[in-house]
Amino acid sequence: MYMKTTFKKEDQHLVMAFEGRLDTAASSQAEEDMRVLYDCEGRDIILDCTHLDYISSSGLRLFLGLIKNARPKGSHVYLTGMNDSLRQVFDETGFTALFEIL
Amino acid sequence: MKTTQQTTKWGSINVLIAAALLLELTTAVQYFSMRRNITRQLTEMAQRDVSETNHTAELKREVERTTTLMLPIVERYTANQADDSLRLYIEQILNQQHDIVGFDYCHVVGDDGLRDGIYIYKNDDSGKPIEQHIDFDFTRRSWYSEGIKGNGFWSEPYMSNYKVILMCTYSAPVRDEQGQTVAVLGADVPLRELSALATQIYKNQQRSLLPIILLHAIGLILLAFIIYRSIRNVMRLQAVDAEKERISSELLVAHRIQQAMLPKTFPPFPNRGDLDIYASLTPAREVGGDFYDFVLRDEKLFFCIGDVSGKGVPAALVMAMASSAFRLLTEHESAPEYILAQINDSMARDNDYNMFITLFIGVLDLTTGQMCYCNAGHKAPMIGSLPLPIKPNLPIGALSDVKFSAQETTLSSGTTIFLYTDGLTEAENNTHEQFGQQRMQTICTDTLSQTSSPKSLIDRMTEAVHDFVSDTEQSDDLTMMAISYNKMQSANSNSYHIILPCDVSQTPRLAEWVEGICEDAGFGPTTIMQINLAIEEAVVNVMKYAYPNGSEGDVNLEAVTEPDWLTFTITDDGRPFDPTAQGEVDTTLPAEERALGGLGIHLMRKYMDSLDYKRLGNRNILTMRKHINK
C-alpha cells in the first residue's frame, strides 16, 4: 500500500520510475514528485511503469497534465514497461493514443 | 536521602542519651548535696536543742514574770482610763527588757465589733519604742483569743505583721475591779535563734544551688535542642508524606489511564457467533509494561500481546507508545510483519534507555480462518493444547531496520488461542519454583477438552497461578488473552461491510477490502484490479462531490457475493450526487482537448457490469454489480 517515484536526469531525457499503487491517496504526493518533469525544456520524458501496479483516474489526470505541459515545449512523453492490466486501463480511457508507449 | 535519615536518627539517639545522663547527674548531685546539708543541719539543731532548752525555759519564765508584774499597774491605768500613762509605762518596761521586742495592748472587742488595740515595739536601728495602732484583725490571733480566757498563754510562733521576724507572744488578761476581763496584754518574744538557723539552712542551700542551676540550664538547652530536632523531623516527615501522597495519587490516575488503554468490555463482540475474546492484566505495581489489544476491521481480527522490559512507570510509558502505535497502524495496515517493523522503527530510533518489547501480533481472517502472525521475541501462544510454531525474531526496539518475517497457519473452527506474558510461566512460589510451561500447557489441555470459552480458560489459569504462588508477592505483570474462533459456515452468499471516513487517504484500506472480496469470489488479478479501480472511483467521487470541501461524513460499503454476482452497495448521507448522470467522455480527443475530469465514471462504466443510483431519504445509494464467470 505505498507509492514511490524515482527521478533520474539523463543527457537527453528525464526519467521517472513509478513503483506501487498510484491511487487517489497517493496522487497528491505523486503530483509533487512529478513537478520536476515540468522543466523538461524540450527534452523527452520517460515514465517507467515497470513496477506500477495500479493507476486510478487521479493518476491518469497527472499523466494528462504532464503531457499537456510537455507537448508545447516539443517534448515527447514515453511510457515503458506497463503490465497488461495497466495497459487495458490506458486503452479504455483512450490514453494509449496520447502517449508514446514503448 | 537514606543516608541523611540514618544520620539524623543516630544524631537524635546521641542527644537523647546525653540528656538522660545529664538528668541522672543533676539528680545525683542534688541528692548528695541535699543529703549532706540536711545531715549537717540536723546535727547542728540537735546540738543547739541540747544547749538551748535550758536557756529557752529561763527566757519564758522571765517574760511571764515581767508580764505578771506589769498587770496590776496596767489594770489601774486602764480603770482610770489613763491611756498616756499606760503607754509611757509600757515604753518604760520595753526599754528595760532585752528579750521582749514589743507589747500588744488590746481592749476586749464588744458586741459592737469595734477593735481598739495598740502595738508598741522597738525600732530595729535605734531601739527607741514606736507606737502603732493595730490595724489588722487581732481577734484572729491566738494570743488574743486565748489571752482573754484567763490565765497566761504562749502562742505558737508566727510571723509578725510589722516586722520581718518570727516570734511568740505571751498574753494575759487585763481585768477591772469586778474581775471582768477588759483587755489583753501581750509580750512579743522574737525567736532569734530559730531565725538564724533558717537563714543558715538557706545559705547552705544556696552554695550547692549554682552547679545544680548550671546543670539544669544545660539540660534545658539540650531539651530545647531535642524538641527542635523532633519538630524539624516531624515537618520533614510531613513533607515526605505529602510528596508520597501526591505520587501515589498520580500513580492511581496513571493506573486508570493505562487500564483505559486496554479493551475491557467482554465479550467484546457479543453479536458475533464466530469470535469470543477474554483477557486479563494484573500489573505487579500500580502501572506495568504488559499490554494486549485487539481490533476488528474488515472481517479481520488484529490482536497483540506485549511485554515491555522492566516494570513500573518506565515500562508503562513505553507500553503506552507501543499500544497506541498498534492501534494506529492496524487502521490501515494488514501485514503483521509490517506493523511490527513500523513499531520497531519508531521505538528503536531514540531508544536511549535500551527498553525493548517482546510482542506478538496476529491477524486472523475470520472468513477463512487463515492467521498471519509475526513474533518479536515473545513466548509462543498456545493454539489449543500445543504451542504455535514461531520464529523467535528480535524483540521490538532492540535494533532498527530489523526484518521481521511473518508466518501463517489456518485455524480450524473451534480453536482457542491462548496468549500470555512471562508473568504467568515465571510466577514464583515461596520456594522460588516457577509455575512453568508444563503446568500452563496442562491447564490449557484440560480446560479446552471441556470448553472453548476464553473466560473459563483464563479463570482456570488465574486460579491455578494463585494457588501455586499462594501468598508470595507478585513479582511481574501477569497478562493473558484467549481468543476462540468458530468459522461461520458460509451459505451460498457472503456479505462484507466497511465504513470509511470521508478522506481520500483511506483508498489503500478500501483497495485491500475490495481485493479480499474479489479473491474470495475467485476473480483473476486483472479483473480484481479493474473492480478495484471502479470502486475506488465511485468512493472518491462520493468523497469529493457528496461531501464537498472537506465536510465530514462516512462512506458505507457493503459487498455481497452470490454464486453468479458480486454486488457492491455504496451508501452515503451527503449531498445528492448521481455519478450515472454524468455524460460520457470522448476518449478519442487529442490530449490538448481532453478534460481532466470524467475519467472516473468512464472507468466505472467500463469495468462493472451494471451501475444503479438511487436517492432514498437523505442517502445516496449506488449499486455496482460484476458478473462472476466461474
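The values are calculated or read from the model by the stated rules, or taken from the named source; none is laboratory data. Note that this is a predicted model, so its numbers are computed, not measured. With ideal geometry, Cβ positions are generated from the backbone for all residues, glycine too; neighbour counts draw on all protein chains shown. Just the protein is used for accessible areas: all its heavy atoms, side chains included, with ligands, DNA and RNA removed. Shrake-Rupley method; radii C 1.70, N 1.55, O 1.52, S 1.80 Å.
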Longest principal axis of chain B (C-alpha) makes with the long axis of helix B:83-96 (C-alpha) an angle, in degrees to the nearest 10, of 90
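For B:ILE13 and B:ILE212, calculate 0.36 nm times their separation in residues minus their Cα-Cα distance, and state this gained length in nm to one decimal.
Contour length minus the Cα-Cα distance gives 69.2 nm.
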Mean per-residue count of partner chain Cβ within 10 Å for B:506-516 equals 3
Averaged over residues of B:591-599, the number of beta carbons from other chains lying within 10 Å of each residue's Cβ is 6
Around B:GLY553 (Cβ within 11 Å, Cβ-to-Cβ, excluding B:GLY553; K/R +1, D/E -1) the net charge comes to -3
Whole-Å distance linking the alpha carbon centroid of the range B:583-630 with that of the range B:427-492 is 55
Buried accessible area between B and A, both sides, 1.4 Å probe, in Å² rounded to 100, is 2400
Beyond 26 Å (Cα-Cα) in this structure, taken from B:LYS379/B:LYS455; B:LYS264/B:LYS544; B:LYS244/B:LYS311; A:LYS4/A:LYS68; B:LYS264/B:LYS487; A:LYS9/A:LYS73, we find B:LYS264/B:LYS544
Restricted to the protein assembly as shown, the DSSP antiparallel beta bridge percent, nearest 5, is 90
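How large, in percent, is the carbon and sulfur part of the accessible surface of the protein assembly as shown at a probe radius of 1.4 Å? Write out the running numbers ahead of the final one.
Working: 20010 of 37880 Å².
That fraction is 53 percent.
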In the protein assembly as shown, taking the dipole from +1 charges on Lys and Arg beta carbons and -1 charges on Asp and Glu beta carbons about the Cα centre, the listed residue (B:THR526, B:TYR353, B:SER449) farthest towards the positive end is B:TYR353
The computed P(r) of the protein assembly as shown puts the percent of Cα pairs beyond 36 Å at 68
Scoring only Lys, Arg, Asp and Glu (+1, +1, -1, -1) among other residues with Cβ under 12 Å from the Cβ of B:ALA380 yields +1
Taking A:ILE46, B:ILE570, B:ILE247 and ranking on accessible area (1.4 Å, protein atoms only), highest first, one gets B:ILE247, A:ILE46, B:ILE570
The alpha-carbon center of the range B:236-258 and that of the range B:88-167 are separated, in whole Å, by 83
Summing +1 per Lys or Arg and -1 per Asp or Glu among the other residues with Cβ less than 13 Å from A:MET3's Cβ gives -4
Of B:523-536, B:299-312, B:266-279, ordering from highest average Cβ density within 10 Å down gives B:299-312, B:523-536, B:266-279
Ranked output for segments B:142-152, B:371-381 by mean other Cβ atoms within 10 Å, highest leading, reads B:371-381, B:142-152
Comparing each residue of the range A:1-34 in the complete protein assembly with the chain by itself (heavy atoms, probe 1.4 Å, ligands and nucleic acids ignored), those losing at least 10 Å² of accessible area are A:MET1, A:ARG21, A:ASP23, A:THR24, A:ALA25
Listed residues A:GLU19, A:GLU41, A:GLU32; largest mean-square fluctuation, Gaussian network over chain A with Cα springs below 10 Å, found at A:GLU32
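Looking at this model, which pairs from A:LYS8/B:LYS606; B:LYS128/B:LYS149; B:LYS60/B:LYS128 are more than 25 angstrom apart at the alpha-carbon?
Details: A:LYS8/B:LYS606 35 Å; B:LYS128/B:LYS149 32 Å; B:LYS60/B:LYS128 23 Å.
Exceeds cut-off: A:LYS8/B:LYS606; B:LYS128/B:LYS149.
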Taking B:387-400, B:614-627 and ranking on average Cβ neighbours within 10 Å, highest first, one gets B:387-400, B:614-627
With every protein chain kept in place and a 1.4 Å probe, the range B:2-196 has an accessible area per residue in Å² of 61
For chain B, longest principal axis from Cα atoms; helix B:336-349 axis from its Cα atoms; angle between them, nearest 10 degrees, is 40
The alpha-carbon pair-distance distribution computed for chain B, with 10 angstrom bins and whole-percent values, is 3, 11, 13, 11, 9, 7, 5, 4, 4, 4, 6, 7, 7, 5, 4, 2, 0, 0
